[in-house]
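Report on the following structure.
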Amino acid sequence: MAAKPDFKTCLITMTKKILITGGAGFIGSHVVRRFVNHYPGYKIINLDLLTYAGNLENLKDIERKPNYEFIKGDIADSGFVHSLIAEHQPDAIIHLAAESHVDRSILNPLSFVYTNIVGTVNLLNASLKRLESSPDFLFYHISTDEVYGSLGKDGFFTEVTRYDPRSPYSSSKASSDHLVRAYFHTYQLPVVISNCSNNYGPNQFPEKLIPLSLNNMLHEKPVPVYGKGENVRDWLYVEDHAAAIDLVFHRGKAGETYNIGGHNEWHNIDLVKLLSKIMDKKLGKPAGFHERLITYVKDRAGHDLRYAIDASKIKNELGWLPSLQFEEGLEKTVDWYLENRDWLSRVTSGEYANYYQTQYHTR
């Protein structure tokens, strides 16, 4: 009797068509690249509206791969979404498309409602139609730890932590999470959800803390830190997150939620000081050169004190652990930005360049 092929071999040879929304963005581009390269038997369709943070340059290395296709479109357009699903008939949707920046949500909450809530409902409704002819269809919704609100000095978010969103952004993501679960319970649409901590790594648009600070250090401009820098975040390297998404997609149980965290809690000020030291070393500057650029600014409205994820469920049930400690991942991230200064210059030279330089951004 022939040996039974192992799980990995089955995945590689299996034919699937997967629609990934938001695949030109920061996290999405890493997920698209992983699926295109790891599963040549899969057809990967990347749907993205290409707003300020969506950049096809992030995927130049795979754009000519035979199992990859890009489609530009808006998930908030119901007619477009239904036509797209009907035409391409994907076997699964991995939903990453979202407005994701807290400060922008404070300035313009309605855009977050359209994309994060209405867009998700449009995809869910189209998925129900697709389910009629594809009973193995899966809807995988990627969300954030911010839906849980703010922690004190102790404790961790788990999959059963009560939702307590504090910003328009986190409220819109909490709403979309609830809707995804409602479609599972009401319509029996197979779904999985994952909630992740702060991502960092290559290709992140420089409005979030790490790339913004790094870019300002490169140009010897003030590096803004909210309040006293006491807010705490759990940091997850983006490629580790992509690996976790891969695992949840293939092995996660329908109806379940999986928290994905980096086991790397840092106060914002300590993170920026560490980044300053790395930049001093990489650029041959004297100790303290970049740290002198740190500027404390008025705190963000409703700024959550601490996020921290208990990722034991995904470890115990699916065997996932982050591969990098924060110091190692941050060094890799700095190296990437220093080696890709042209990319950094291009993405900051558009209509949002002045905006992000004059506003103070920290997720």
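Relative contact order for the chain: what is it in percent, counting Cα pairs under 8 Å that are at least 6 residues apart?
17 percent
Just for the chain, what percent of DSSP beta bridges are antiparallel, to the closest 5?
Roughly 10 percent of the DSSP beta bridges within the chain come out antiparallel.
As a length-normalised measure over Cα pairs under 8 Å and 6 or more apart, the relative contact order of the stretch 136-176 settles at 43 percent.
Couplings 3J(HN,Hα) for the stretch 175-188, derived from phi with the Karplus relation 6.51 cos²θ - 1.76 cosθ + 1.60 (θ = phi - 60°), are 4, 5, 4, 4, 5, 4, 5, 4, 5, 5, 6, 7, 10, 6 Hz, where x marks Gly and Pro.
When you count, for each residue, the other Cβ atoms within 10 Å and take the mean per peptide, how do 162-169, 133-140, 198-205 rank with the highest first?
Listed from highest to lowest mean packing, they are 198-205, 162-169, 133-140.
Pairs exceeding 30 Å between alpha-carbon atoms, taken from Lys153/Lys273; Lys129/Lys313; Lys60/Lys273: Lys129/Lys313; Lys60/Lys273.
The gain in end-to-end length when the Ser111 to Asp299 segment is fully stretched comes to 65.4 nm, 0.36 nm per residue minus the alpha carbon separation. Backbone phi angles across the stretch 289-295, fed through the Karplus curve with coefficients 6.51, -1.76 and 1.60 (θ = phi - 60°), yield HN-Hα couplings of 4, 7, 5, 5, 7, 4, 10 Hz in residue order; Gly and Pro are listed as x. Summarising the label geometry, the points placed 7 Å from Cα in the beta-carbon direction at Lys129 and Glu230 lie 5.3 nm from one another. Of the two radii for the stretch 217-363, the radius of gyration is 1.01 times the Kirkwood radius, both from the alpha carbons; that is the Rg over Rh value. Report note on the peptides 170-181, 245-256: ranked by the mean count of other C-beta atoms within 10 Å, highest first, their order is 170-181, 245-256.
Straight-line cross-link partners of Lys221 among the aspartates and glutamates, defined as a Cα under 17 Å from its Cα and at least 8 positions apart when in the same chain: Glu207, Asp280, Glu291.
For the stretch 307-334, list residues with backbone N below 17 Å from a point placed 7 Å from the Cα of Asp154 toward its Cβ? Within reach of a label on Asp154: 307-310. Relative to the dominant Cα principal axis of the chain, helix 78-88 is inclined by about 60°. Take 81-88, 63-70 and order them by the average number of nearby Cβ atoms within 10 Å per residue, most first; the result is 81-88, 63-70. Between 0 and 90 degrees, rounded to the nearest ten: what's the tilt of helix 238-251 against the longest Cα principal axis of the chain? That works out to roughly 20 degrees.
Rule-based calculations on the coordinates, nothing more; no lab input. Keep in mind that this is a model prediction, so the values were computed, not measured. Because the Cβ atoms are built from the backbone with ideal geometry, glycine has one as well, and the counts that use them run over all protein chains shown.
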